[in-house]
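Single-structure report; data block below.
Values quoted throughout were computed directly from the atomic coordinates according to the rules given, and no laboratory measurement underlies them. As the structure is a prediction and not an experimental result, all values here were calculated from the model. Cβ coordinates were reconstructed from backbone atoms using ideal geometry, including for glycine residues, and neighbour counts include every protein chain displayed.
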Amino acid sequence: MDGRFNRNADFNMLCYYGRNFSRYFVAALCAAGLEVIQRDFDGASFLFQSFFCQTQQAKVVELFQHRFITLRRRHVECGLAACHCKHLTYQTTIGRSPLSIQLMRLTEFRLQLQNLGCKPCHEDRLLRGWTQRRSYDRKGSPASTFFPSALNSELPAIEARLEKLARIRSEHPQDENVARLLVELSDGQMTESVLLPRGGLCVSTQVGCAVGCVFCMSGRSGLIRQLESLEIIAQVALARRLRKVEKVVFMGMGEPAHNLDNVLEAIEVLGIQGDNGHKNLVLSTVGDLRVYQRIPFEKVKPALAISLHTADDGMRAKLLPKAPQIPVAELVEMAEVYARATHYPTQYQWTLIEGINDSDEELERIAVLLKGKHAVLNFIPFNSVDGLEFRRPELSRTIELTRKLNRQQIYTRIRDSAGQEVEGACGQLRARAVKTGLRALAATHDA
């Protein structure tokens, strides 16, 4: 290999896969000492994205191994530091929000700040100001003299771009403590956040969801796109315009494990610059092994919530058809190791559906499964979903199940899904808005 692209062969082949590649591709090539020809990228309007699905990632790795280099994290980081990708114009494509590279992900935002002369202390103050909605000034250290002059010059533009990441399209209050928010992202896609009692906020990590839980609205349209780390953080910054936010739960639209890099970036910022207690950041998952493997080594270790819904493996495969098929007992054991290490009890989420998972047999399995565990079981009565015939059990039955488990030292709570009374289950608000928009578009077209 002569360290140079063959425009008519290699580059065209890469363009064939082009919509599945990221800026990391350029960084990796630079790190490997390859000469990247700017005109090739500009002329071909090459499309980049920093997230791609596992299938696409496998193609990328296979291609690099066969034709160029082995793509490793250290190559990416080295390449970014070396080239900063500052001479290339990037566009985005399927799976990414159509934002400029300046605000794709937190890592890219930090890189932009570094190019403006920022050190970690400057990044820290800027992120604290944004996430906490507070002044950049400190006693004896005004931002005008603390920040590099280049950052001060760009600050209004940076703030404007951060504000455009997300906006509240509509607010649906249930009472003074609870409100469901329809959040519009900068590309017009919509997701949901929920203001919860006692300063809580539920945020989304994806537009749509790929898990396909049969009782959930969010996944009925499949996964539309990932939320970037800054878009996740923006939901918190947005909610703090309305009130104080002390607890953030990652239980909105999407499966956080399927967008883990962005989610963990957001958690780190919220736990440090966002001034949220680490145990007040709750990462929910259907039980993806990647979560268990990564969060014990993160700087900010969130509390863990497992979407369990049943203690029967066969029933769980039916309720969560696209979740990892890991035995329930193994999920609980892995969560217990993390719970004992962090001293945060694992929260087990259980959507109660009449005639499905509210039987005495399920009660017995729960008692065996969670006996002696550092855990909290949250019973969530099923929220009605358009087009589904599932029903929640009678309140008396829910209370009976809760009392029986508590008597057996299984700490169990009834956790009604906030905002249900105003706009139904998670995902319905977005679905209705999309449907309304489509009808309006069709009416305009017919006219």
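Legend: residue pairs K139/K164; K279/K322; K373/K404, Cα-Cα distance threshold 20 Å; pairs beyond threshold, K139/K164; K279/K322. Note: region 236-306, Cα convex hull, 82 Å³ per residue. Arranged from fewest to most other beta-carbon atoms within 10 Å of their beta carbon, R110, R243 become R243, R110. Placing pseudo-labels 7 Å out from each Cα toward the beta carbon at N152 and M315 gives an inter-label distance of 6.5 nm.
In a simple Cβ point-charge model (Lys, Arg +1; Asp, Glu -1; nothing else charged), region 183-266 has a dipole of about 460 debye relative to its Cα centre.
About the centre of its Cα atoms, region 301-409 shows a dipole size close to 420 debye [charges on the beta carbon of Lys, Arg (+1) and Asp, Glu (-1) only; nearest 20 debye]. Taking a Cβ cut-off of under 11 Å around K164, the surrounding Lys, Arg, Asp and Glu residues balance to a net charge of -3, with basic ones at +1 and acidic ones at -1. Protection proxy ranking for 270-279, 141-150, using the average of other Cβ atoms within 10 Å per residue and placing the highest first: 270-279, 141-150.
Each of V337, V368, F379 was scored by the projection of its Cα onto the charge dipole of region 316-426, and the greatest displacement toward the positive side belongs to V337; charges sit on the C-beta of Lys, Arg, Asp and Glu. Since only G314, V211, Q273 are under comparison, the one whose Cα sits farthest along the positive direction of the charge dipole of region 166-438, derived from C-beta charges on Lys, Arg, Asp and Glu, is Q273.
A cut-off under 11 angstrom between Cβ atoms defines the neighbours of R128, and their net charge, with Lys, Arg +1 and Asp, Glu -1, is +1.
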